[in-house]
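Trainee: Okay, handing you the structure first.
The values are calculated or read from the model by the stated rules, or taken from the named source; none is laboratory data. The structure presented is a predicted model; accordingly, all values stated were derived computationally and were not measured. Note: ideal-geometry Cβ built from the backbone for every residue, glycine included; neighbour counts use all protein chains shown. Just the protein is used for accessible areas: all its heavy atoms, side chains included, with ligands, DNA and RNA removed. Shrake-Rupley method; radii C 1.70, N 1.55, O 1.52, S 1.80 Å.
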Amino acid sequence: MEKYFDVSYIVESVPMLIPFLKVTLMVAGLSVLFGTILGFILAAMKIGNSKIAKKIAYGYTTILRCTPSIVLLFLTYYGIPAIADNFGVNLNDIDKAVFVVITFSLQFAAVMSEVIRTSYESIDRGQFEAAVCVGLSNTQAYWRIILPQAFVVALPNFGNSLLELMKEGALAYTIGLIDIMGKAELIIAGNYNTHALEIYLALAVIYWILSIAIEQLFLKLEKVFSKGKQVITTT
Amino acid sequence: MMLEITNIHKSFGENEILKGVDLKIEKGDVVVILGPSGSGKTTLLRCINFLEKADQGHAIFGDIDVNLKTASKKAIHGIRQKIAFVFQNYNLFNNKTALENVTEGLVIGRKIAKAEANEIGKKALDKVGLSEKYNAYPIELSGGQQQRVGIARAVALNPDIILFDEPTSALDPELVGEVLTVMKQIAKEGTTMLVVTHEMSFAKDVANRVIFMDAGVVVEEGSPKDIFVKPKEERTRKFLKRVLPEDYIFYI
């Protein structure tokens, strides 16, 4: 009789899952890219002087942060084609990955706008004043003095948000995207819904390795960029 | 006349901080501004350098003649090239070493070649007694050392005037001396200085002119002797009595 738990399923499913890692990474990567760009714009709106821009940016952040990822995913997946349809554009054949990227870009932007705003505000304004006093332009003062320091402050939170995004990304299988999560579901279905535990374990192992790699990368980055932040022992 | 400011006004909301201050500074002057907290000393300094925008006022600075309220970006940049500023909280660039702090303004602000800027920067740090600390980051320095880097950063720019905004107020008492010593030294070298401070000894020993401000106006000004020994105004007398020991007159 077949065992209920069979390790060989884990070993066999890993190589089947790995090729779909690139879908997971691509979706996450694009979401981080677009989300960070939009996050910068939102943070600038929050920091700037325009009251309307501030309201819009904060309102956006609140709404997006209060919407569960899976709800937002369905809203974009069904909502965008519905709106497009009103204008006579047919989006039914568009790749599902596009909706996933849109969803997580919107969500990541809300998170990043707060990460960027708080790290910017953590740098004492006095350094900006000192910079313009020694003859730097406003732009030079931002790029050479404020942003490099804000970047170091933002790094751990950025890494954290990125990990979060990658894991949330697993929800994309619900609209039928075949990333590693989607592939795992397919493998289980192919086994007539048996040995699901082994497949999910294989999936978890892949996520763990990926997460640890990202975590380590950010720790390294933080070390490299934090000159002047920690006391450096001099001989 | 090197710097002449007339009728400068500045309010923050309802609160009028400067109510029409005039100021004249000659080359080589060491002018100390005294006054109680909230009298507008710091705001005056910040308005001269456009860190705050005055509501009204006029400045003649060498060949530049500007309205302090409507000054163009170019005029502001031009004036800032002539002025250096030393901050109460040092405001060093935390991501840069002591030497980089000094050379940043030379290389980026003044477009001086890096090698030459390094030479100037090292000389400035030597002058303030930090020859050992070229490559130290601000966090590795004591408050007194940080403020000396701040002064080196100002001196290296070779400005027409250095503004000091309470340069020793944030320091531990035992570190005040080293900063004052450096300030005295650069004053002796003929640097034009405008200093807001609560250090009466510095005002007495180094200044050639003392201005007493209160409630947004200049109450009186004169030589240190005039102000400390025979102040004309009641407000000045009261202030000095508060900040100096009873027998202050014997210190002069």
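Trainee: Quick check: Cα centre of segment B:153-184 to Cα centre of segment A:192-221, how many Å?
Mentor: Their Cα centres are 57 Å away from one another.
Trainee: Other chains' Cβ within 10 Å of B:83-90 residues: what's the mean?
Mentor: That works out to 3 on average.
Trainee: On to the next question. Tell me, which longest segment in chain A has none of the trypsin sites (Lys or Arg not before Pro) that fall in DSSP loops with at most 16 further Cβ atoms within 10 Å?
Mentor: Result for the longest clean stretch: A:4-226.
Trainee: While we're here: Cα to Cα, under 16 Å, and not fewer than 8 places away if on the same chain: which lysines meet these conditions relative to B:K74?
Mentor: B:K53, B:K82
Trainee: Which distance in Å, rounded to a whole number, links the C-alpha centroids of segment A:11-70 and segment B:56-75?
Mentor: Taking the Cα centre of segment B:56-75 as reference, the centre of segment A:11-70 is 46 Å away.
Trainee: Just to be sure I understand: of the beta bridges DSSP finds with both ends in the protein assembly as shown, what percent are antiparallel, rounded to 5?
Mentor: 60
Trainee: Still on this structure: Expressed in whole Å with the largest first, what are the equivalent ellipsoid semi-axes of chain A derived from the C-alpha gyration tensor as the square root of 5 times each eigenvalue?
Mentor: Taking √(5λ) for each Cα gyration eigenvalue gives 40, 26, 12 Å.
Trainee: Would you mind telling me which residue in A:A172, A:A110, A:A204 has the biggest mean-square fluctuation in a Gaussian network model of chain A, where springs connect alpha carbons within a distance under 10 angstrom?
Mentor: For chain A, modelled as a Gaussian network with Cα springs under 10 Å, the answer is A:A204.
Trainee: Carbon and sulfur atoms: what percent of the 1.4 Å accessible area of segment A:23-179 do they account for?
Mentor: The computed percentage sits at 66.
Trainee: Which lysines does A:K22 reach when only Cα atoms under 22 Å apart count, and residues fewer than 8 places away in its own chain are ignored?
Mentor: A:K96, A:K167, A:K183
Trainee: Can you list the chymotrypsin sites (Phe, Trp or Tyr not before Pro) in segment A:145-227 that are in a DSSP coil and have 16 or fewer other beta carbons within 10 angstrom?
Mentor: Counting only loop positions with at most 16 other Cβ atoms within 10 Å, the chymotrypsin sites (Phe, Trp or Tyr not before Pro) in segment A:145-227 are A:Y192.
Trainee: Give the residue list of chymotrypsin sites (Phe, Trp or Tyr not before Pro) in segment A:48-102 that are DSSP loop and have at most 15 other beta-carbon atoms within 10 angstrom.
Mentor: When the chymotrypsin sites (Phe, Trp or Tyr not before Pro) of segment A:48-102 are filtered for loop state and at most 15 Cβ neighbours within 10 Å, A:F87 remain.
Trainee: Still on this structure: Per residue, how much accessible surface does chain B expose to a 1.4 Å probe? Answer in Å², no decimals.
Mentor: Per residue, chain B has an accessible area of 44 Å².
Trainee: How far, in degrees from 0 to 90, does helix A:147-168 lean away from the longest principal axis of the Cα atoms of chain A, to the nearest 10?
Mentor: Helix A:147-168 sits at roughly 20 degrees to that axis.
Trainee: Would you mind giving the mean number of other chain beta-carbons within 10 Å of the Cβ of each residue in A:144-155, as a whole number?
Mentor: The mean count of partner-chain Cβ atoms within 10 Å per residue comes to 2.
Trainee: Quick one: divide the alpha-carbon radius of gyration of chain B by 2.2 N^0.38 Å and tell me what you get.
Mentor: The reported ratio for this selection is 1.01.
Trainee: From largest to smallest, what semi-axes in whole angstrom does segment B:141-250 give when each is the square root of 5 times an eigenvalue of its alpha carbon gyration tensor?
Mentor: 26, 16, 12
Trainee: If you don't mind, there's one more thing I want to ask. Please determine, in degrees from 0 to 90 and to the nearest 10, the orientation of helix B:73-82 with respect to the longest principal axis defined by the Cα atoms of chain B, where the helix direction is its Cα long axis.
Mentor: 90
Trainee: Would you mind checking the tilt of helix B:114-127 against the longest principal axis of the Cα atoms of chain B, expressed as 0 to 90 degrees and rounded to 10?
Mentor: The helix B:114-127 is inclined about 50 degrees to chain B.
Trainee: Using 32 Å as the Cα-Cα cut-off, could you pick out the over-long pairs in B:K69/B:K111; A:K227/B:K127; B:K19/B:K123; B:K27/B:K114; B:K24/B:K111?
Mentor: Cα-Cα > 32 Å for B:K19/B:K123; rest within.
Trainee: Please report the spacing between the Cα centers of segment B:87-145 and segment B:1-22 in Å, no decimals.
Mentor: When both Cα centres are located, 32 Å separates them.
Trainee: Given springs between every Cα pair under 10 Å in a Gaussian network model of chain B, which of B:E119, B:E140, B:E234 has the largest fluctuation?
Mentor: B:E234
Trainee: Separate question: Give the residue list of GluC sites (Glu not before Pro) in segment B:6-92 that are DSSP loop and have at most 10 other beta-carbon atoms within 10 angstrom.
Mentor: Those that pass, being in a loop and sparsely packed, are B:E14.
Trainee: Is the shape of the protein assembly as shown rounded, prolate or oblate, going by the alpha carbon gyration tensor and its root eigenvalues a ≥ b ≥ c, with a/c under 1.5 for rounded and a/b larger than b/c for prolate?
Mentor: Prolate, because a/c is 1.5 or more and a/b exceeds b/c.
Trainee: In debye, nearest 20, what is the charge dipole magnitude of segment A:23-179 about its Cα centre with +1 on Lys and Arg Cβ and -1 on Asp and Glu Cβ, if you could check?
Mentor: Here the size comes out at about 480 debye.
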